[in-house]
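Here's the structure, in structure tokens; my notes come after.
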Amino acid sequence: MKTDTRSTSRLQHDPLVRGLGWASALLGVPQVVAPAGFARALGVGDAFRHRSATTAVGVRELAAATGLLGRPHPAWLWGRVGGDLMDLTMLTRALRNHNGRGLGRTVAATAAVTALTVTDVYAAVTRTRRSTPMDLTATTTVSRPPDEVYALWRDLERLPDFMAHLEEVRVTGPRTSHWRAGAPFGKTVEWDAETTEEVAGRLIAWRSVDGADIDNSGEVRFEPAPGGRGTEIRVTLRYDLPGGALGQAAARYFGEEPHQQLDDDLRRFKQIAETGEVVRSEGAPGGKRARGEFPQHPARPLTEDELKETLA
């Protein structure tokens, strides 16, 4: 795992980081100066334990403001994330034990803290210059000969047809290409790649070049399936996940699981190779949504000609 030592200078002029710093200051001052009034504004009452908790949260917010506005560092952003989770825990407990007076304000405060938590997680993950190497593997069998399957995958500009995270692949030379992909929390990353090894009908291997937003490499092997059943595809990917282990956990929390994505990509590739398009069930929505869906047609039985072609 590696950390960028220039994080402080880089974050000093980051609008989102400074905005969160000012947000901490604006939240912290009233909680320290008038904890009883702030607690009542949240609809939780002004009992001693509520005033004490409010004061403690205010001190924490002022500390975060001092760090983010003075010497910003990703640690302060992750500190805000931890504080948000503590706040959500306290607000959830308050909702469970609420006497009904001011309940609407407590619900609104919980919703606001939830939205702020999402923002803080996004800022922490995308501003942390750390990476965790991740290895992914997946295998599928396609009922097409290796040369045909290889040729389909080798058409790099078609990869976004079945790979959910890819937005565009543009061939820039005989062995080079430019890639643009979606990343967790709506971020976009880009890189240039070069083919490092290629055996027609058998193997394609590649790696990103210097300057990539995400360092990555991989290979795809195409092997005849036992019994002449088509082609076994074995995919191996290696890349550095932004945000380190915490970023990986956050991505999973928000539903972006890399292993599952790769399995889904291969499933869609199999459908394209065998039928020419991605099949969906009648009840599933059509079109593209959050890059998780693709140009599709409703599931239907194969025609007699299609069945003969598939079995040939």
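The values are calculated or read from the model by the stated rules, or taken from the named source; none is laboratory data. Fair warning: this is a prediction, and the values are worked out from it, not measured in the lab. Every residue, glycine among them, receives a Cβ derived from its backbone with ideal geometry; neighbour counts consider all protein chains shown. Protein only, heavy atoms only, side chains kept; ligands, DNA and RNA dropped before computing areas. Shrake-Rupley method; radii C 1.70, N 1.55, O 1.52, S 1.80 Å.
Do we find a residue being of a type in the set (S, T, N, Q) and open to solvent by 30 Å² or more (accessible area, probe 1.4 Å) anywhere in the stretch 181-191? Looking for residues that are of a type in the set (S, T, N, Q) and open to solvent by 30 Å² or more (accessible area, probe 1.4 Å), one finds at least one in the stretch 181-191, hence yes.
Here is a yes/no grid of residues against (1) surrounded by 13 or more Cβ atoms within 10 Å (Cβ to Cβ); (2) in contact with a strand residue (DSSP E or B) (Cβ under 9 Å, 6 or more places away or on another chain); (3) of a type outside the set (A, V, I, L, M, F, W, C):
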| position | (1), (2), (3) |
| --- | --- |
| LEU27 | yes, no, no |
| GLN31 | yes, no, yes |
| HIS50 | yes, no, yes |
| LEU69 | yes, no, no |
| ARG93 | no, no, yes |
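So, ARG60, is that one surrounded by 17 or more Cβ atoms within 10 Å (Cβ to Cβ) and out of contact with any Leu (no Cβ under 9 Å at 6 or more places or on another chain) or not? When the stated conditions are applied, ARG60 passes them. None of THR140, THR128, THR195 is at negative phi, surrounded by 14 or more Cβ atoms within 10 Å (Cβ to Cβ) and in contact with a Gly (Cβ under 9 Å, 6 or more places away or on another chain) except THR128. Would the stretch 203-218 turn up any residue that is modelled with pLDDT under 95, open to solvent by less than 20 Å² (accessible area, probe 1.4 Å), touching a helix residue (DSSP H, G or I) at 6+ places or on another chain (Cβ under 9 Å) and not in a helix (DSSP H, G or I)? So far as the stretch 203-218 goes, no, none of its residues is modelled with pLDDT under 95, open to solvent by less than 20 Å² (accessible area, probe 1.4 Å), touching a helix residue (DSSP H, G or I) at 6+ places or on another chain (Cβ under 9 Å) and not in a helix (DSSP H, G or I). Being loosely packed, with under 14 Cβ neighbours inside 10 Å and part of a helix (DSSP H, G or I): is that true of ALA123 here? Criteria not met by ALA123. Can you report the number of residues in the stretch 135-157 which are part of a helix (DSSP H, G or I) and touching a residue at least 60 places away in the same chain (Cβ under 8 Å)? The number of residues fulfilling the criteria is 6.
When VAL113 is tested against (1) under 26 Å from PRO258 (Cα atoms); (2) under 22 Å from the mean Cα position of the chain (by Cα), exactly one condition is not met: (1).
Checked against (1) farther than 24 Å from THR110 by Cα; (2) of a type in the set (Ser, Thr, Tyr); (3) modelled with pLDDT of 90 or more, SER24 passes all but a single condition, namely (1).
Checking ASP147, ASP161, ASP135 one by one, the residue that is within 18 Å of GLU232 (Cα to Cα), of a type in the set (Asp, Glu) and open to solvent by 20 Å² or more (accessible area, probe 1.4 Å) is ASP147 and no other. Here is a list of conditions, (1) within 30 Å of GLU197 (Cα to Cα); (2) in contact with a strand residue (DSSP E or B) (Cβ under 9 Å, 6 or more places away or on another chain), and VAL125 meets all of them except one; can you say which number that is? Failed condition: (1).
Screening the candidates ASP84, ASP155, ASP161 for the property of being touching an Asp or Glu at 6+ places or on another chain (Cβ under 6 Å) and not small (Gly, Ala, Ser) yields one hit, ASP84. Among residues belonging to the stretch 1-21 that are under 24 Å from the mean Cα position of the chain (by Cα) and at pLDDT below 85, point out the one that is nearest to VAL118 (Cα to Cα). Ranking the qualifying residues of the stretch 1-21, first place goes to LEU11. Within the stretch 219-233, if we keep just the residues that are in contact (Cβ under 8 Å) with a residue 40 or more places away in the chain and either charged (D, E, K, R) or over 16 Å from ARG267 (Cα atoms) (or both), the residue that is most open to solvent (accessible area, probe 1.4 Å) turns out to be ARG229.
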